[in-house]
Each structure stands twice: as structure tokens, then as C-alpha cells.
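The values are calculated or read from the model by the stated rules, or taken from the named source; none is laboratory data. Since the structure is predicted, the reported quantities are computational estimates derived from the model, not experimental observations. Cβ placement follows ideal geometry from the backbone for every residue including glycine, while neighbour counts extend to all protein chains displayed. Each accessible area value is taken on the protein alone, full model and side chains, heavy atoms only, with ligands, DNA and RNA left out. Shrake-Rupley method; radii C 1.70, N 1.55, O 1.52, S 1.80 Å.
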Amino acid sequence: MTTTLPATEQPAGSTEAWRAKDAVRTADEIARMLPHRYPFFLLDRITALEPGVSATAIKNISASDGILAGHFPGRMLYPGVLLIECIAQLAAVIYGAEGELAGGADGQVADRVGYLAEIRHAKFLRPAFPGDQLVVQAHSGARVGNLISVTGQISIDREPAVQARLAVTQRPDPTA
Amino acid sequence: MTMTIETVRTRAKTRQELCRSVKKLLVSRLDLECDPAMIGDDQPLFGRGLELDSIDTLELAVAVQEDLGVTITDDDTECLLSLNRLVDHIEANR
């Protein structure tokens, strides 16, 4: 668990004093768990995390996101496939955190992130526009071999925006 | 242990009903284009049987867990080889 020191006890120049109270993992900390990088690093903050079980994240949609220049010119709309990818990346955080608990180092945890194997029953209930804050939730389900079932949902202003069930894979542990 | 003919009949009927519901579950959850009644009890689920793949295996495990309350873990994957084995696993664990 992460603890935050009072501002007066922070070393000079530390950003810890400004760490948001709801940040279970900051963007930099997520980047240490995932192999994804710009422009495909999608989650801004993890606000709840139960390793191996479930997690909640925040994703802010910004007009400065390059993808919106082409999707679509004059009618900016965050692509549905990237909303699904947000859920998939959150699933990787859930299993990455489980790997950390098992003693995996950052690099090893990121190396174990596998692939998206299936998208099942995806529903897009409302579009996501610049200025929207997405609350992404993912919950782990059955596992068979290296395949893991994940249910995910995204809400905007407390209204459901996406519901989907995915199958993701985990790459074998090279040290096992 | 000896069983009365009535017990044997009841068990056989329960088993048949379970087989029927698992076949319906297979067809509906995996979007198979076949009649559940055409699936044989000994039919392999993979290869030349129903031609399921590993991703279907996961969906089947989710379906069995959600609809019948029985978990399939990595230790039980042999139960996915045929319908009869799957029904054996469900009977033994629910």
C-alpha cells in the first residue's frame, strides 16, 4: 500500500506532496507495470486495485490527443476500439499487480503482459468526447491455462458508456 | 453399495437432464450452429468433435461457472475433452 507523507516531511523537489489522494498508482507507476508507451499508453491513474481480482482507473479524454485529429475531423469522438483497449490495459494492471505481489520486478511484470484474445458482448452505450473523464473498471473471471476472462465497464458522469467481456492472455513466466 | 432400480432410474434421468442442459449451454454460449440434440454424449469437444478452440474453452469455463456454479481450473482441463467428462466434473462438484 502507498502512503503519503505530510507536505512538511517531503524532501525538497518531491512530487509526493501533490500526489492525489485517490491515486493507488500514478501514471508513472502504471508505466512501470505495462509495456505500452505513447501513443498507446492509455490509463491516467489507478484509483482502486485488488491484485489479481479487480481495479478501477481514470482516463481523461483531451482534445490534444492526436487520435482525435483523424477521428473525426470536425467531429472529435474517442474511438470505441481504444475504449476496449483501456479495459484490456486495466486487466494487465490487475495481473501485473499480482505479479508484483509474487515478487516480480517491474521489467518482468511488463514482460508478462500478453495479448487480447477475444472481445465478447461489447456494447457502446454512449460516446466519449474531449473533456469527458472515463471511469474504467475491470474484474477478473475464470482462468484456463494462460487465458483469463475479464469483464469491464466504463462510465462517464456515472452513466454506463461501455460494457464488454474480454479474454486476455498472460505470457509464460520466463523464470519459472 | 447396492442401489434400488428406482435410484438407478432417477440418477440416469438426472444425468440425461444435465447432459441436455450442458448441450444447450454449449450451443447458446459458444454460438454454435447446430442443434443441441445432435451433440453426442461422447462427442469430443475439440478437433474432429465440435471443433472448439482454446478461447472457446475459456468461455465454456465462464458459462459453467455462471450457470451451474461449478469452477473449472487448470487442474480440471481434462474434463473439457468430451461432453461426458464435462458432465462428470459438474456432477462431482456441484
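Quick one: what pairs do we get from segment A:114-125, first residue away from chain B (no Cβ under 11 Å), second assigned to a strand (DSSP E or B) and surrounded by fewer than 16 Cβ atoms within 10 Å (Cβ to Cβ), C-beta under 8 Å, 6+ apart or different chains?
A:125/A:159; A:125/A:160
Identify, please: which residue in segment A:154-172 is more than 14 Å from chain B (Cβ to nearest Cβ) and touching a helix residue (DSSP H, G or I) at 6+ places or on another chain (Cβ under 8 Å) and is, among those, surrounded by the most Cβ atoms within 10 Å (Cβ to Cβ)?
A:154
If I go through segment B:44-59 residue by residue, how many of them are open to solvent by 20 Å² or more (accessible area, probe 1.4 Å) and part of a helix (DSSP H, G or I)?
Total satisfying the criteria: 3.
Which members of segment A:124-157 meet the condition of being closer than 20 Å to residue B:60 by Cα and of a type in the set (Val, Ile, Thr)?
Hits for segment A:124-157 are A:144, A:148, A:150, A:151.
Of all residues in segment A:128-156, which are in a loop (DSSP other than H, G, I, E, B) and touching a strand residue (DSSP E or B) at 6+ places or on another chain (Cβ under 8 Å)? Talk me through it step by step, then tell me what you get.
Within segment A:128-156, the first condition is being in a loop (DSSP other than H, G, I, E, B), and the residues that meet it are A:128-132, A:145-146.
Of everything in segment A:128-156, those that are in a loop (DSSP other than H, G, I, E, B) and touching a strand residue (DSSP E or B) at 6+ places or on another chain (Cβ under 8 Å) turn out to be A:128, A:132, A:146.
With the checklist (1) more than 19 Å from residue A:43 (Cα to Cα); (2) within 17 Å of the chain's Cα centre (by Cα); (3) open to solvent by 30 Å² or more (accessible area, probe 1.4 Å) in hand, flag the one item residue A:135 doesn't pass.
Among (1) more than 19 Å from residue A:43 (Cα to Cα); (2) within 17 Å of the chain's Cα centre (by Cα); (3) open to solvent by 30 Å² or more (accessible area, probe 1.4 Å), the lone unmet condition for residue A:135 is (1).
Quick one: in segment B:60-79, which of the residues that are within 7 Å of chain A (Cβ to nearest Cβ) and over 12 Å from residue B:93 (Cβ atoms) is most open to solvent (accessible area, probe 1.4 Å)?
Ranking the qualifying residues of segment B:60-79, first place goes to B:74.
Please find, within segment A:52-62, the residue that is surrounded by the most Cβ atoms within 10 Å (Cβ to Cβ) out of those that are within 13 Å of residue A:94 (Cα to Cα) and at pLDDT 95 or above.
Across segment A:52-62, the extreme among qualifying residues is A:55.
Using the structure shown, decide if residue A:136 is under 21 Å from residue A:22 (Cα atoms) and in contact (Cβ under 8 Å) with a residue 40 or more places away in the chain.
yes
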